[in-house]
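Bear in mind these aren't lab numbers, they're just calculated from the coordinates by the rules spelled out. In this text, all values refer to a predicted model and were calculated from it rather than measured experimentally. Here the Cβ positions follow ideal geometry from the backbone for every residue, glycine too, while neighbour counts run over all protein chains shown.
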Amino acid sequence: MMNQVRILIADDYEVVRRGMRCILEVIPHWKVVAEAATGREAVEKAAEFKPDIVLLDIGMPELSGLEAMRQILKNTPETKVLIFTEDESEDLARAALESGALGYLFKSATNQQLLAAVESLRQDRPYLAPSVSRMMLELYRNRSETNEARPNHQRLTPREREILQSVAEGNSTKEVASRLHVSPKTVETHRANIMRKLQFSSLADLVRYAIRNRIITP
């Protein structure tokens, strides 16, 4: 008898989550055990339900999809993450795959492609949208010719990336401190470190950077 496949769907639109649930649960033994509307909720639900597969959007509030994925994989390394997004940025796809995503699919995909992607991850095999596969092939072809530096945001700690997103979303120091259960002084210290590492001199620089790198959505 086939074991049940436990799935978590994380997307900030309820209609998307409900639609995906209806598609996935047509397959016997596939069960959506939880849904999440924010990146932070995705991390919490993954820790609580320990799903086999997480379907995760990139543009999530409170905690970006990329940062949520990093925390999920840190907490439950056996979980497999399928990024399911409408953003077709090559840089974003590369960052997701380098951070541990096993699958990457666009929301323009058909129902059958979504099912095929989840089945592939269930078998512990990667699944990439065709354009992402081509991009990754080209990237690794060129990697031996160039020694590209890591994006600056990858030099930040997980906590600094959380604070970067929260500040860029317009939250005050007190609001960030309350959300993360730390002192305002701690938030100020992290913020100063972020500004130093990214070589920024103003909050406007930080917000522009967060938008450009899809950490927040304008």
- Query: If you average the sequence gap of Cα pairs under 8 Å that are 6 or more apart and divide by the length of region 32-102, what percent do you get for the contact order?
  - Reply: 32
- Item | Extension reserve of the Arg125-Thr38 stretch, reckoned as 0.36 nm per residue once the Cα distance is removed | 28.6 nm
- Query: Put a dot 7 Å past each Cα toward the Cβ at Glu86 and Ala47; how far apart are the dots in nm?
  - Reply: 3.1
- Kindly flag which residue pairs out of Lys50/Lys74; Lys45/Lys174; Lys50/Lys107 have an alpha-carbon separation exceeding 19 Å in this structure. Lys45/Lys174; Lys50/Lys107
- Computed ³J(HN,Hα) along region 69-84: with the Karplus parameters 6.51/-1.76/1.60, θ = phi - 60°, integer Hz and x for glycine or proline, the list is 4, 4, 6, 4, 5, 5, 6, 9, x, 6, 6, 10, 10, 10, 6, 10
- Place +1 on the Cβ of every Lys and Arg and -1 on the Cβ of every Asp and Glu in the chain, take the dipole about the Cα centre, and give the residue among Ser64, Met20, Leu164 whose Cα lies farthest towards its positive end. Leu164
- Calculated FRET efficiency, Ile23 and Lys74, Cβ-Cβ r, R0 41 Å, to nearest 0.05? 0.90
- Query: From largest to smallest, what semi-axes in whole angstrom does region 152-212 give when each is the square root of 5 times an eigenvalue of its alpha carbon gyration tensor?
  - Reply: 17, 12, 10
- Note on the structure: Expressed as a whole-number percentage, the relative contact order of region 5-143 with C-alpha contacts under 8 angstrom and at least six residues apart is 20
- Full extension between Gln199 and Arg212 adds, at 0.36 nm per residue less the Cα distance, a length in nm of 3.1 nm
- Whole-number value, in Å³ per residue, for the convex hull of the alpha carbons of region 178-218 is 85
- Message: Students often forget the sequence filter, so: which aspartates and glutamates lie under 13 Å Cα-Cα from Lys80 once same-chain residues fewer than 8 apart are removed?
- Response: Asp52, Glu119, Asp124
- Message: On a full-extension model of 0.36 nm per residue, what is the gain between Glu14 and Lys174, subtracting their alpha-carbon distance, rounded to one decimal in nm?
- Response: 54.7 nm
- Consider just the alpha-carbon atoms of the chain and return their Rg together with their Dmax, both in angstrom. 17.8, 60
- Task: Compute the relative contact order of region 154-218 as a whole-number percentage, counting only Cα pairs closer than 8 Å that sit 6 or more residues apart in sequence.
- Result: 38
